[in-house]
Amino acid sequence: MRSRSFKTKAISVFLILAATAAHAQYSDTFQKYKDKYPDASVVYLNQESNLFITVNNGIIDIAQENIEENLYLNEAATQGSQQSLNFSSFFELESIAASSFNYTDNKYREEKVSVFTEKDEMGESFYDDTKSINFIYSNLKKGSKSHLKYSQKIKNPRFLTPFYFGNFSPIAQNKFSITADASVNLKFKQFNTEGLNIDFKKEEKRGKIIYTWELKDVKAFDYESQTSSHKNVLPHVIPIIASYEVNGNTVPILNETKDLYNWYYSLVKDINQEPADPELISLTNSLIEGLDSDLEKVKAIYYWTQRNIKYIAFEYALGGFIPREANQVFQKKYGDCKDNSSILYKMLEIAGLKGHLTWIGTRKIPYSYEEVPTPMVDNHMILSYFDGSDIYYLDATGRNIPITYPSSFIQGKEALIALDDSNFRIAKVLVIPAEMNSVKEQTQLKIEGKQLIGTTKTEVSGYNKIDYIYAVGNLNTKSERDNFYNEVFQIGNNKFIAQNVVEANKDDYDKNLIITYTSTIGDYFNQFGDQIFINLNLNKYISQFRTAPNRKRDIEIEYKNQYTLEAEFEIPEGYQVDYLPESQSFANDYLKATISYANVEGKIKYKHTVTCDYLILNHEQQKEVNELITNVERAYKEVVTFTKSK
């Protein structure tokens, strides 16, 4: 008994020592946050940004100091080893220090980063003056910490950046501060901060005003696909320098939209002052020759620009805001959004027409010009053309866009339209109705042997046509095209095979795309004795709009759209209809569907229409849509039954 007791005690002591040794591998801080956030890979222990704004000799100086301290909670720590910081002519990096910390012998030991490598950041179709500083945290592992501190000079007072209080990982401590001369008038806009206990303080010391925001223990935000932008989800504050005082005079910066417009206009007012290239004049005149209406002339010029000026983005210093000369764009046959707008503007001018340079933000930017009158509100330039009370938004960076359609990514957005040196107009871009982005399939179906044979005509319009042409344009081999057609046209089941595909109107901007093809579907219908059973709901189109029941965020799609399938099924010879499902309709404010059946002259005429009438759905609206989809999916199970005639 003594030996057993001794053995038991020895095992207990060993286990205690082992547990103590295991715990000693990690700090108390690690244990605290591992227990608090067991599913997280990393916790931001401190996320801090401090702005210093001073006025020297009538000029604003802005310095920014950033601190980031991370704690790594699992073996994925190595993924955080390689880091980089971007800077440019507007954000000049002044200093950087970085270290990793590993916990050994009950203390963190520092390993300073000694190698920082600078390189240009340049993509295949995007050229700018962005550079990056790249470095590696050494020996990061579970339980490690990293510390980064860097400072930069912001060289334009219009380019203050947001501070985000949340991220897709937990944050223990957020701090954002601005120390500004009392002569600087600041405004702040907060987004997605409802329900957060942000501690805000404003105090004055020695002619400086100090603004401070602090927030602790922010849980990770879940990433969800089809959310329009992190700007719509993460809590953040946007600081804006409205104006500042010099010798009793107020110098406006960005107090209102007019200030932003005045700055924008100052950057574009001197472009295209040189005489137009004679070849550009000749080309323009040839494009509009014989055209009677001004709108037809605009259309001809717009479509030529889409087809012939390749999109390559350039952002170098203020080149990110100033269009290049039309003559230069014409000679090189490429440019960015501003350059495309520049050549459009000049060509319309040659034709005796007036275009208007227009600044606009894509749908990933959720701010209005009134809310955030800074360069953060937009990221794109187009040309607007007024035809009476109608406005046409011309974006030649795209391809195959009819003049009556804006680019899909600016639907519903505010456009800042230049009128002259002191006047502008803010207009809201239309959202294209679902019916104008349609796919209409008309198919003749019959049974031959064991297969369902089809002959189909498909008419595609609007953004659906643009997407289709873009996708087909990236296919290089017959095999790729065959796979694409079988996927995009598939109805019935995965034994669908499309053949003899013919496309019409692909290159005609103003006509709908027409596609005809034949098809076979194997093993689709059932035959038992004297009966044939077939489900004519060959495309369960509506199911794609279902959202996960545990989704938390809004969901956004690219454009409203409509799908129609009209099928005429030839009743097999010697058979008669035994059961024909009832026609049904389903509708709410966001989604509509109809399914109808009719027995007409030896054929079953089936028609199914789905209209998606939304761009964004909030959480409650998603529930409504899911409920409607469930009801339609029940109707999808209905089967037409035929019995042999007696």
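Those strands (runs of 3 or more DSSP E) of the range 546-595 in which 1 or more residues are out of contact with any Leu (no Cβ under 8 Å at 6 or more places or on another chain) and of a type in the set (Phe, Trp, Tyr) occupy 561-570, 575-579.
Among the residues here, Val439 qualifies as of a type outside the set (D, E, K, R), outside any helix (DSSP H, G or I) and in the same structural domain as Asn537 (by TED's automatic domain parsing).
Residue by residue, here is whether (1) buried (at least 17 other Cβ atoms within 10 Å of the Cβ); (2) among the aliphatic types (A, V, I, L, M); (3) in contact (Cβ under 8 Å) with a residue 24 or more places away in the chain holds:
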position	(1), (2), (3)
Ala76	no, yes, yes
Leu93	yes, yes, yes
Asp105	no, no, no
Leu140	yes, yes, yes
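For the range 259-274, the set of residues classified as surrounded by 14 or more Cβ atoms within 10 Å (Cβ to Cβ) and part of a loop (DSSP other than H, G, I, E, B) consists of Ile271, Asn272, listed by residue number. Just one of the listed residues (Lys560, Lys592, Lys607) is surrounded by 17 or more Cβ atoms within 10 Å (Cβ to Cβ), basic (Lys, Arg) and touching a Pro at 6+ places or on another chain (Cβ under 7 Å), namely Lys560. Tallying residues that are part of a loop (DSSP other than H, G, I, E, B) and either under 16 Å from Asp508 (Cα atoms) or among the charged types (D, E, K, R) (or both) within the range 287-304 yields 2.
One residue stands out among those in the range 596-630 that are in contact (Cβ under 8 Å) with a residue 12 or more places away in the chain and part of a helix (DSSP H, G or I): the one that is farthest from Asn537 (Cα to Cα), which is His619. For the range 522-545, residues that are loosely packed, with under 14 Cβ neighbours inside 10 Å and in a loop (DSSP other than H, G, I, E, B) total 3. Considering every residue within the range 378-392, establish whether at least one is touching a residue at least 12 places away in the same chain (Cβ under 8 Å), surrounded by 22 or more Cβ atoms within 10 Å (Cβ to Cβ), in the same structural domain as Leu353 (by TED's automatic domain parsing) and closer than 19 Å to Asn255 by Cα. There is at least one residue in the range 378-392 that is touching a residue at least 12 places away in the same chain (Cβ under 8 Å), surrounded by 22 or more Cβ atoms within 10 Å (Cβ to Cβ), in the same structural domain as Leu353 (by TED's automatic domain parsing) and closer than 19 Å to Asn255 by Cα. Here Glu566, Glu570 are screened, and the one residue that is closer than 24 Å to Ala498 by Cβ, more than 38 Å from the chain's Cα centre (by Cα), surrounded by 13 or more Cβ atoms within 10 Å (Cβ to Cβ) and among the charged types (D, E, K, R) is Glu570. Test Tyr244 against the criterion of being surrounded by 18 or more Cβ atoms within 10 Å (Cβ to Cβ), touching a Phe, Trp or Tyr at 6+ places or on another chain (Cβ under 9 Å) and farther than 27 Å from Pro170 by Cα, and give yes or no. Criteria not met by Tyr244.
Reported count of residues in the range 380-423, each being among the hydrophobic types (A, V, I, L, M, F, W, C), under 17 Å from Thr257 (Cβ atoms) and in contact with a His (Cβ under 9 Å, 6 or more places away or on another chain), is 3. Residues being outside any helix (DSSP H, G or I), surrounded by 12 or more Cβ atoms within 10 Å (Cβ to Cβ), modelled with pLDDT of 95 or more and at negative phi are represented in the range 480-489 by at least one member. Take the conditions (1) assigned to a helix (DSSP H, G or I); (2) without any contact (Cβ under 8 Å) to a residue 60 or more places away in the chain; (3) over 22 Å from Thr358 (Cβ atoms); Ile281 misses just one of them, which is (2).
The values are calculated or read from the model by the stated rules, or taken from the named source; none is laboratory data. From a predicted model like this one, the values you see are computed outputs, not experimental measurements. Methodologically, a virtual Cβ is constructed for each residue, glycine included, from the backbone with ideal geometry; neighbour enumeration extends over all protein chains shown.
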